[in-house]
Amino acid sequence: MSLPPPLVIPAARLHDLADGASLEWLEVDGRGGFASGTAVGANTRRYHGVLVVARRPPADRVVLLSRLEEVVITAAGERYELATNYYPGVVHPTGHRWLASFRLDPWPVWQYRLGSLTLTKSLFAARDAGAVVVTYCVSGGEALLELRPLVAGRGYHALVQANEHVAQAAEVEPGRITYRPYPLIPPLVLSHDGGEWHPDPRWYYRTLYPRETERGLDDAEDLFQPGVLRVRLVPDRPWRLVCATRPMDPAPADEWAGAERRRRAAAAERGRDLGGDDAALATLGARLALAAEAFLVERDDARTIIAGYPWFADWGRDAMISIPGLCLALGRIEEAEAVLRTFAAHQRDGLIPNRFPDDGGEIPVDHYNAADASLWFVEAVAALHEAGGDTRAFRQAVHTTMHAYRTGTRFGIRLEPDGLVRQGVEGVQLTWMDAKVDGWVVTPRTGRAVEINALWYNALRRAAGLSRVWGDDPREYEELARRARSGFRVFWNPEARCLFDVIGDDGRPDPSLRPNQLFAVSLPHSPLTPEQMRGVVEAVERDLLVPLGVRTLAPSAPGYVGIYRGPQRERDAAYHSGTAWPWLLGPFATAYLRVHGLRPSTRERVRALLEPVIAHIGEYGLGHIAEVVGGDPPHAPGGCFAQAWSCAEVLRILAMIRRRPVAPDRRPR
């Protein structure tokens, strides 16, 4: 077992601050906590930090240690400030100038050239220890290292300003500094290989976060320094700083690093297998299998899937869609079962949660606002069965979901006499096109939405099949499926030779060309004829497919927005109105192969979809796939720099073209 080659960023890119600061890295602790920053060391988001902890895993996150201000003083008295920070009107210091390279190997490693000295810094999250380990090693001579921990001590969505409540002093003992900034915030415990602590309480004012500026959000923060740690660095002798919320002995740090390398190499090997003898796809699979590790985290006594970093918690729709790629394609059957248990345990009125609260508290009713998540749950259970998993624990949850849709449940979700499901209440977003800002539901889609009914038909067929497995009577589901397939004919748009997006409660069809119709082809059971499937795939390929994703609206449509940027209202207006989503490459590839079959030429067509992904892995979120990209060239990435379903669906594509031929359908199923 081996890790993929390091992702290396050369000095020229690092010395270009705008470029280097656009490259973000991520280390996770498996409990919802993480460390994150940029290749040049500058924090550009409020979410960046050396130690971000989840008080109620994986939620209630706190940015504890925002950053370390690092200064190296050579034996000749030369002083090098390594930090790079944004302040109003100025960048200070400009430590990125000293960078010789940055690489993920498999975690962040920085190399600085400081006159005759070379300083190497590395940072990794040690899952078993529950800590972040920062290591410094100098060569070419001795040096003095000064470390100033800058503490935020606040919720990860918030910002902190200078105040009189912050604790002024740390508790110091040999090899350890303990600092609790506020009574209700966990302590920051810095365990180290030796050094001298000098109290020096002071505020660092007005750190700016450029990504927050771009997003139209508050962008300035004050950080507190309780003191300075001075360390004598000896050539070629690593010095370790262990950042945690409890005392840690740094002596086992090398063992933790070895364990992390072995764990990550095993994960990478699972992904590498998906690429087969295609070296580029094998490397892509290995990198994405490593990325998958970031999303699968603890919740209670089971598992869950974080939707995206740096700001999302666990979302039901995202988790269900991600299970086949993050878990099943990589042979992680037990983890898929554990994720499904988490959401089944919180089912209410036949619905699984759309999302868990960021504060880790009880799930309010309005967090169940998803008309599709529970149908994706049924699909995930069926996929688990096909992968050899045990689905008996989900029998009641599946039947409860199907009964709720048939008889009606919250948010106007109910089966209508025509065999189709309608959904929608005023002011609530219920489909995956769920942007809402200042009470404005940007894409309401009230009525019979095309993907909800594709999911409903598929869920009926899946529930019938699972019923046979469980020894239950499938006949009611089979009859409902026949009605749903008959009713689904209303979605066919004969003029455009594709599907309407929504049939309103007044019977009027919405002809907007959107990717939601793909699910009527990509799901295992389709209500369409082969000719209709072909029409859908051709329409999406012609007007919506772009490098790295599928647009959410055709450019010719009124309201199309091709650039994703600006303050929240502007971004949300574009979110599902032209912005392209990488995760939709999975449904498109599945639909394409269903129509055309898997043979060398079609495999190469699907493989071509992955070429931009291979390049993207070295941009934006290093080793990850972004949440969205612009609908218009240059299709710039945006949103979360690491998104679960983006990663999952590319892994699923790899599994699909590597292992399982897909024959064209000749009849409705």
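Annotations
- Working from Cα pairs under 8 Å separated by at least six residues, relative contact order for the chain is 11 percent.
- Global form of region 306-659, assessed from the alpha-carbon gyration tensor, a/c cut-off 1.5: rounded
- For ASP318, net neighbour charge (Lys/Arg +1, Asp/Glu -1) across residues whose Cβ lies under 13 Å away: -3
- Shape parameters for region 267-369, alpha-carbon atoms, Rg then Dmax in Å: 15.0, 49
- Sites count as exposed loop sites when they are GluC sites (Glu not before Pro), lie in a DSSP loop, and have at most 11 other Cβ atoms within 10 angstrom; the longest stretch of the chain without one is 165-361.
- Zone residues, region 315-352, relative to ASP277, backbone N less than 11 Å from point 7 Å out along Cα-to-Cβ: none
- The fewest-to-most ranking of ARG652, ARG607, ARG475 by surrounding Cβ atoms within 10 Å reads ARG475, ARG607, ARG652.
- Over the chain, dividing the summed -39,500 (n - 2.57) contributions of all DSSP H runs of at least 4 residues by the number of residues returns a 222 nm mean residue ellipticity of -9500 deg cm²/dmol.
- Placing +1 on the Cβ of every Lys and Arg and -1 on the Cβ of every Asp and Glu, with no other charges, gives region 367-429 a dipole of roughly 240 debye about its Cα centre.
- The share of C-alpha pairs in region 47-170 whose separation exceeds 26 Å stands at 31 percent.
- Cα gyration tensor, region 501-625 - rounded (a/c under 1.5), prolate or oblate: oblate
- Rg/Rh ratio calculated on Cα atoms of region 559-669 (Kirkwood radius): 1.03
- Surface/4 of the Cα convex hull for region 7-261, nm²: 12.7
Every read-out reported here was derived from the displayed coordinates using simple, explicitly stated rules and does not represent laboratory data. The shown structure was predicted, so the numbers you read here are calculated from the model rather than taken from an experiment. Backbone-built Cβ (ideal geometry, glycine too); neighbour counts: all protein chains shown.
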